[in-house]
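K.L.:
Let me give you the structure first, and then I'll get to my questions.
The values are calculated or read from the model by the stated rules, or taken from the named source; none is laboratory data. It should be emphasised that the depicted structure is a prediction, and the values quoted were computed from it without experimental measurement. As a convention, Cβ positions derive from the backbone with ideal geometry for all residues, glycine included, and neighbour counts pool all protein chains shown.
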Amino acid sequence: MSRARRALALCAAATLVTIAFGSPAAALTLKFPRFEVPPRSDRELCTFVRLPRKKAMEFGGSLIVNLGGNDHFTSHHFLMWAYTGTDIAGFGTPGTMVDSKACLDFGPADTNQRILLGGSQSPRTLQRMPRGVAQEIQPALGASGKPEAIGIILNTHWINGSDTPQSASVKIKMLPRRGKVKRHLQPIFEVVANGFIRVPPGETRTETWGWKPGGTSFNVAGLGGGAVPDGPACVIMVTAHMHKRGKLFTVTYDGAGSDEMIYSSQEYSDPGQLLMDGVGPHRAPLLVRPGERLIYSCTHDNGVTTDMKMGCEEEAGVAPGKSAAETVFNGNGVSGAAKRCAADADCPATDEAYPGRSFTGRCVPANLVFGFTSDDDMCILPGSYYDANPDAPAGHECDLGLM
C-alpha cells in the first residue's frame with residue numbers, strides 16, 4: 001500500500017471513530033495501518049490522529065491488538081499518547097507514518113508534551129479502568145491559544161528476526177468510562193533507571209530507582225515519564241518494560257513498615273501486569289503516601305547467558321557504549337548506545353546516523369546501555385494511579401464509594 005493510501009486509511013478511521021464517539025457509551029476504534037519491516041532489523045513508526053473535539057474526553061481504558069506477529073516477528077511495544085502541547089498543527093497531515101525513535105523527533109518542537117494513555121508488548125492487551133475512574137484527555141491548543149482538537153500520537157515498534165520482510169498493523173479500541181467519574185486516572189511512566197544502565201561485556205548488573213508521591217518529577221523530553229502526585233496515591237496497576245537482555249524486573253512497596261515485593265517478571269516480551277483494582281480476585285488499590293515509594297529494579301545480562309552486545313569501536317581498546325546519564329550530563333543527547341554491528345565491515349569511519357562520532361573500523365564487545373533499539377536496553381516502570389481521599393477513614397482512602 002502506498003504512503004498516500006495509508007494516510008487516507010488512517011484519516012478515514014479517525015473520521016468514523018469521531019462520529020461514533022458522539023455517544024458516551026460508544027467505543028472509539030483506531031487502526032495503525034499495515035507497514036513493512038525489513039529482514040533482520042527493527043522498525044519504529046509514529047503517526048498522528050486528530051479528533052475534532054474541543055471538549056475533554058473521559059477515557060475508560062483500551063484494548064490493543066498487535067497483528068502480524070509470529071515466532072520470528074514480534075512487537076517490541078505499542079504506545080498511545082495524548083498530545084498536550086500548543087502546536088497541534090506542527091504534526092502536519094494526520095495519518096502520515098514517520099520513522100522515529102520514541103516519537104521524540106516527530107511533530108512539533110513540544111512533542112514531548114504528552115500523557116500516556118496505554119501501551120502493550122503482548123499480542124493482545126486489555127486495560128480497563130474501575131467503575132468511577134477515567135482518564136481525562138484535554139484538547140490541545142491551537143495558534144489562537146484556544147482548544148482546537150484532541151491529538152493522539154500512535155507509536156509502534158517491531159522486531160523482525162527472519163530473513164524475509166514482514167508486515168504488521170495494530171488495532172486500538174479506546175473504551176468509554178463506566179459510571180459517574182469520581183477520580184481521574186494518572187499514568188505512571190517512571191524511567192530514571194534508564195540513565196544508569198551500563199553493563200560491561202560478560203557481566204550482569206541491576207539498576208534501581210523509585211516512584212514516590214511528593215518526589216521530583218522528571219517529565220522532560222528524553223528523561224522523564226508520567227505524573228508524580230503531591231499527596232497520597234491509589235496505585236491500581238504496574239507492569240514492566242525491558243529489552244531482550246532484561247532477565248528480571250521487580251517492584252517492591254516500601255512503606256508503612258512494609259518491604260513487600262508486589263510484582264516480578266522474567267519475561268521481557270510479555271511481562272504481564274499486576275492489577276490492583278479490587279475487582280474479582282484482584283487486590284485492592286495500593287495506597288502509597290508521601291515518604292513511601294515503589295522501588296523498581298531491572299537486572300540485565302550482557303553475554304553471561306545471553307548473546308553479547310556488539311558495537312563499533314570508537315576509541316581503541318575501550319568498549320563502546322556510554323550510559324544515558326553520562327551522555328545527558330555531557331550534552332551529547334539521550335542515548336550513548338554503541339552502533340550495532342556484526343562484522344568490521346559494518347563500522348566505517350563515519351556514519352551520518354551517528355553525527356559527531358567516529359569509528360576505528362572494528363566490531364567489538366560493547367557495553368549494554370539505554371537505547372531505542374531492541375539490541376540496547378531499557379528499565380521502565382509503567383503503571384497508573386488516582387488521588388486518594390485524605391478525608392476518608394483510615395484504611396478507606398482508596399474507596400471510590402466514599403468519594
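K.L.:
Where in region 111-187 are there strands (runs of 3 or more DSSP E), lying fully within it, with 2 or more residues that are within 17 Å of PHE32 (Cα to Cα)?
P.N.:
Details: elements: 114-120, 124-128, 133-137, 147-160, 166-176.
Once the strands (runs of 3 or more DSSP E) in region 111-187 are filtered for at least 2 residues that are within 17 Å of PHE32 (Cα to Cα), what remains is 114-120, 124-128, 147-160, 166-176.
K.L.:
Condition test on ILE197, is it assigned by TED's automatic domain parsing to the domain that holds VAL279 and in contact (Cβ under 8 Å) with a residue 40 or more places away in the chain?
P.N.:
On the way: assigned by TED's automatic domain parsing to the domain that holds VAL279: yes; in contact (Cβ under 8 Å) with a residue 40 or more places away in the chain: yes.
In short, yes.
K.L.:
Would a scan of region 258-270 turn up a residue that is more than 30 Å from ASP391 (Cα to Cα) and without any contact (Cβ under 8 Å) to a residue 12 or more places away in the chain? Step through it out loud before you land on a result.
P.N.:
Step one: filter region 258-270 for residues more than 30 Å from ASP391 (Cα to Cα), giving 264-270.
From the residues that got through so far, the ones that are without any contact (Cβ under 8 Å) to a residue 12 or more places away in the chain too are 267.
Yes, because at least one residue in region 258-270 is more than 30 Å from ASP391 (Cα to Cα) and without any contact (Cβ under 8 Å) to a residue 12 or more places away in the chain.
K.L.:
A further question on this structure: Quick test for you: out of SER374, SER358, pick the one residue that is within 23 Å of the chain's Cα centre (by Cα), small (Gly, Ala, Ser) and part of a loop (DSSP other than H, G, I, E, B). Before you say what the answer is, go through the steps one by one.
P.N.:
Values: SER358 fails: within 23 Å of the chain's Cα centre (by Cα).
Result of the check over SER374, SER358: SER374.
K.L.:
Same structure again: Could you tell me whether region 69-87 includes any residue that is in contact (Cβ under 8 Å) with a residue 60 or more places away in the chain, under 27 Å from ASN160 (Cα atoms) and in a loop (DSSP other than H, G, I, E, B)?
P.N.:
yes
K.L.:
Would you confirm whether any residue within region 313-328 is assigned to a strand (DSSP E or B) and surrounded by fewer than 14 Cβ atoms within 10 Å (Cβ to Cβ)? Give the steps one after another, and end with the answer.
P.N.:
Of region 313-328, the ones assigned to a strand (DSSP E or B) are 315, 318, 322.
Subsequent filtering for residues that are surrounded by fewer than 14 Cβ atoms within 10 Å (Cβ to Cβ) retains 315, 318.
The answer is yes, given that some residue of region 313-328 is assigned to a strand (DSSP E or B) and surrounded by fewer than 14 Cβ atoms within 10 Å (Cβ to Cβ).
K.L.:
Anything in region 215-244 that is part of a loop (DSSP other than H, G, I, E, B) and modelled with pLDDT of 90 or more? List them, or say none.
P.N.:
In the first step, residues of region 215-244 are kept if they are part of a loop (DSSP other than H, G, I, E, B); the result is 215-232, 240, 242-244.
Those that are part of a loop (DSSP other than H, G, I, E, B) and modelled with pLDDT of 90 or more: PRO229, ASP230, GLY231, PRO232, ALA240, MET242, HIS243, LYS244.
A quick yes/no check of all residues on (1) among the polar types (S, T, N, Q); (2) touching a strand residue (DSSP E or B) at 6+ places or on another chain (Cβ under 7 Å); (3) surrounded by fewer than 21 Cβ atoms within 10 Å (Cβ to Cβ); (4) not in a loop (DSSP other than H, G, I, E, B):
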| position | (1), (2), (3), (4) |
| --- | --- |
| GLY280 | no, no, yes, no |
| ARG283 | no, no, yes, no |
| GLY311 | no, yes, no, yes |
| THR350 | yes, no, yes, no |
| TYR354 | no, no, yes, no |
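K.L.:
A follow-up question, please. So which residues in region 285-298 are within 16 Å of HIS396 (Cα to Cα) and part of a strand (DSSP E or B)? If you could, list the steps in order and put the result at the bottom.
P.N.:
Let us first name the residues in region 285-298 that are within 16 Å of HIS396 (Cα to Cα), namely 285-289.
Within region 285-298, LEU286, LEU287, VAL288 qualify.
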